[in-house]
Amino acid sequence: MLRGQDRKPDMFGDAEAYERFMGRWSRLAAPRLVDFTSPPELGRILDAGSGTGSLAFSIADSKAKVRVLGIDPSREYVAYASSRKRFPDRVSFEVGDAQQLRFPDATFDAALSLLVFNFIPDPKKALQELRRVTRPGGMISAAVWDYGAGMRMLRTFWDAVVHLDPQAEKLDERHMPLCREGELGGLWRECGLENVDEQPIEITTRFASLADYWDPFLLGQGPAGSYVRRLDRHKAEELRDEVKRRLSLPGEDAPFALDARVWAVRGVVPKS
């Protein structure tokens, strides 16, 4: 099963490449997760696995009086998010591990996490830490892509990969933990959170052309980009052609859209 510890060292090491590959879609999902979570109007909020900053900035956009701290294990991502200098008096970022937080109990009024929990080596430990540092009565939420069916950008890619290279089936992100209906909710209940609610959130990914879709895969980010980076030129071109066939585009310069789904969960830290 794919987990965070299976990542190559540079799989999430290039912030600008990530922005081209997935960051533009996380920016669409972030405000939807904020709306679903309904964090408080005041206080401190933790963004666990803050990446390039999409969720932290979306929280600050929505809640003008909160302070947001984003933590991420990638120094490159933390530096990139910090350099954007949005809401500098209310949003900050630091290197950190959700599985071992440095904060005292009940430091935050809410905790959120976007597109990260399936990459954490021990998600149960991470959720227990989020529960510890979130005040009783505070909300904890997270969302991950539905890699198996609902994220068509990646589903099209991996279906093409497995068609050409059946041995790569074990790398297909459909095997990621926590990406199927009910799995996040089950984890939230297992860790003792109350009023657990899990729902799908739908967005649309829009591409200006086949190149707009394909070229970000060449940047080596995430499991998909890591797979493409290992291919020789001939194999990469063969995969591109298979992806193009599956997209059924009228031409390489034709714009197109693909549906994308995340599974989102929220739950309340018990008061006693």
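Table: residues versus (1) open to solvent by less than 60 Å² (accessible area, probe 1.4 Å); (2) without any contact (Cβ under 8 Å) to a residue 60 or more places away in the chain; (3) under 15 Å from R152 (Cβ atoms).
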position	(1), (2), (3)
E169	no, yes, no
R174	no, yes, yes
P177	yes, no, no
E181	no, no, no
G186	yes, yes, no
R189	no, no, no
E194	no, no, no
Q199	no, no, no
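If you go through region 257-272 and pick out every residue that is of a type in the set (A, V, I, L, M, F, W, C), closer than 20 Å to W145 by Cα and either open to solvent by 20 Å² or more (accessible area, probe 1.4 Å) or free of Cβ contacts under 8 Å to residues at least 24 places away in the same chain (or both), you end up with 2. For region 227-246, taking the residues that are touching a residue at least 60 places away in the same chain (Cβ under 8 Å) and surrounded by 18 or more Cβ atoms within 10 Å (Cβ to Cβ), the one that is nearest to D14 (Cα to Cα) is identified as Y227. All but one of (1) closer than 27 Å to G43 by Cα; (2) surrounded by fewer than 19 Cβ atoms within 10 Å (Cβ to Cβ) hold for D159; state the number of the condition that does not hold. Failing condition for D159: (1). When residues in region 191-229 are screened for being outside any helix (DSSP H, G or I), farther than 26 Å from E181 by Cβ and hydrophobic (A, V, I, L, M, F, W, C), 2 of them pass.
Would you be able to say whether some residue in region 131-139 is part of a strand (DSSP E or B) and open to solvent by less than 20 Å² (accessible area, probe 1.4 Å)?
Start the filter on region 131-139 by keeping residues that are part of a strand (DSSP E or B), which leaves 134-139.
Retained after the next criterion (residues that are open to solvent by less than 20 Å² (accessible area, probe 1.4 Å)): 134, 138.
So far as region 131-139 goes, yes, one or more of its residues are part of a strand (DSSP E or B) and open to solvent by less than 20 Å² (accessible area, probe 1.4 Å).
Of all the criteria given as (1) under 16 Å from the mean Cα position of the chain (by Cα); (2) modelled with pLDDT under 95, the one not satisfied by G251 is (1). I want to confirm something. Restricting to region 26-71 and keeping residues that are among the acidic types (D, E) and not in a helix (DSSP H, G or I), which single residue is nearest to L112 (Cα to Cα)? Filtering first and then ranking leaves D47. Output the number of residues of region 77-116 satisfying the condition of being open to solvent by less than 50 Å² (accessible area, probe 1.4 Å), more than 17 Å from G51 (Cβ to Cβ) and not hydrophobic (A, V, I, L, M, F, W, C). The number of residues fulfilling the criteria is 3.
The values are calculated or read from the model by the stated rules, or taken from the named source; none is laboratory data. Values in this document were obtained by computation on a predicted structure and should not be read as measured data. Ideal geometry is used to build each Cβ from the backbone, glycine not excepted, and the neighbour counts take in all protein chains shown. Areas reflect the complete protein model, heavy atoms only, side chains present, ligands, DNA and RNA absent. Shrake-Rupley method; radii C 1.70, N 1.55, O 1.52, S 1.80 Å.
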